Amino acid sequence: MPHERSGERPSERRSAARTSVVWEALSPALEGPPRDVLDIGGGTGGFAVRVAELGHRVTVVDPSPDALAALDRRAREVGVSVTGEQGDLSTLLDVTGAEAADVVLCHGVLEVVDDPAAALQTLRAVLRPGGTLSLLVGQRHAAVVARAMAGHFAQALAMLDADPAGPRDPAGRSGRRFTDEEVVALLAGAGFEVRAVHGIRVFADLVPGSLLDLEPGATAALVDLERAVSERPEFRPLAAQLHVLAG
């Protein structure tokens, strides 16, 4: 559970509420002896550095040299080692080789690849037998509602029945969105077995930042609520993201 610090900005409190459920679900896969962890599109290391602090050997593969430079600075600031490799899912096997990782993190990447099914096949190839894939993707129903509430009615309509394997998000900014049924089907097609599905950010994006800033204990209470609804399928259509653990 996040600890609310004095002077913490509302955006930081909101970020804690958004990520706590993901960390809690992923924690069992990171317990025990050091493992090889691969973070695809890990950028500046928001997850990777924290995983390295647990004692694991972490490699981030990201197309941005600027992000990898920021990752290196962040890792050095906290005294851990994280390997940064420039690349993306299309070059992943060339960078890492097959069966290179015990845990693969793929957060916010499947939305923007050209071929989600092929991308998952690549992730299957780099994951060792018995390993864990942590997949975080945008969820379509909530995105439709968000666009409609913002007055983007044509975008909401176009996204309503969008093919997750087809062209990217008609809004042209944030990529595809998936339902839980679509994600599970894509994973099964790539040879994965789904272990758990969680709804992420069911309420966190709806709560005003001023409330988290002004109400003592609000962030902790929000995380408790997010945790309580994350595994309840009736709330998944409201979730901004889906977090899937597979192997």
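The values are calculated or read from the model by the stated rules, or taken from the named source; none is laboratory data. Predicted model only: the values in this text are computed from it and were never measured. Positions of Cβ are backbone-derived with ideal geometry, glycine not excepted, and every protein chain shown enters the neighbour counts. Accessible surface areas use protein heavy atoms only, side chains included; no ligands, DNA or RNA. Shrake-Rupley method; radii C 1.70, N 1.55, O 1.52, S 1.80 Å.
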Using a basic spin-label model with each label point 7 Å from the Cα along Cα→Cβ, how many nm lie between E215 and E31? 3.2 nm
In this structure, the FRET efficiency calculated for S90 and E193 from their beta-carbon separation, with R0 = 25 Å, to the nearest 0.05, is 0.50
Test of understanding: what is the full-extension gain from E181 to R128, defined as 0.36 nm times their sequence separation minus their Cα-Cα distance? 16.6 nm
Residue-normalised value, i.e. accessible area per residue, for the chain at 1.4 Å probe, in Å², stands at 47 Å²
Coordinate range along principal axes, alpha carbons of the chain, Å, largest first: 45, 45, 33
How much net charge surrounds L38 when only the other residues with a Cβ under 12 Å from the Cβ of L38 are counted, with Lys and Arg +1 and Asp and Glu -1? -3
Integer Hz, Karplus 6.51/-1.76/1.60 couplings in order for region 125-137, x for Gly and Pro: 6, 8, 8, 6, x, x, x, 10, 9, 9, 10, 10, 9
Positive end of the charge dipole of the chain (Lys, Arg +1 and Asp, Glu -1 on Cβ, about the Cα centre): tell me which of P34, V202, S90 has its Cα farthest that way. V202
In whole Hz, with x marking every Gly and Pro, tabulate ³J(HN,Hα) for region 87-102 from phi via Karplus 6.51 cos²θ - 1.76 cosθ + 1.60, θ = phi - 60°. x, 8, 5, 6, 10, 4, 5, 5, 7, 10, x, 6, 6, 9, 9, 8
Beta bridge orientation in the chain: antiparallel %, DSSP, nearest 5: 35 percent
Within the chain, what whole-number % of the accessible surface is contributed by carbon and sulfur, with the 1.4 Å probe and all protein chains included in the calculation? 53 percent
Using helices alone, what [θ] at 222 nm do you get for the chain, with -39,500 (n - 2.57) per DSSP H run of 4 or more residues, divided over all residues and rounded to the nearest 500? -12000 deg cm²/dmol
Simple SL model, points at 7 angstrom along Cα→Cβ for D205 and H152; separation in nm is 1.0 nm
What residues qualify as long-range amide H neighbours of V58, i.e. H under 5 Å apart, gap of 5 or more or another chain, H built at 1.01 Å from N? V37, T83
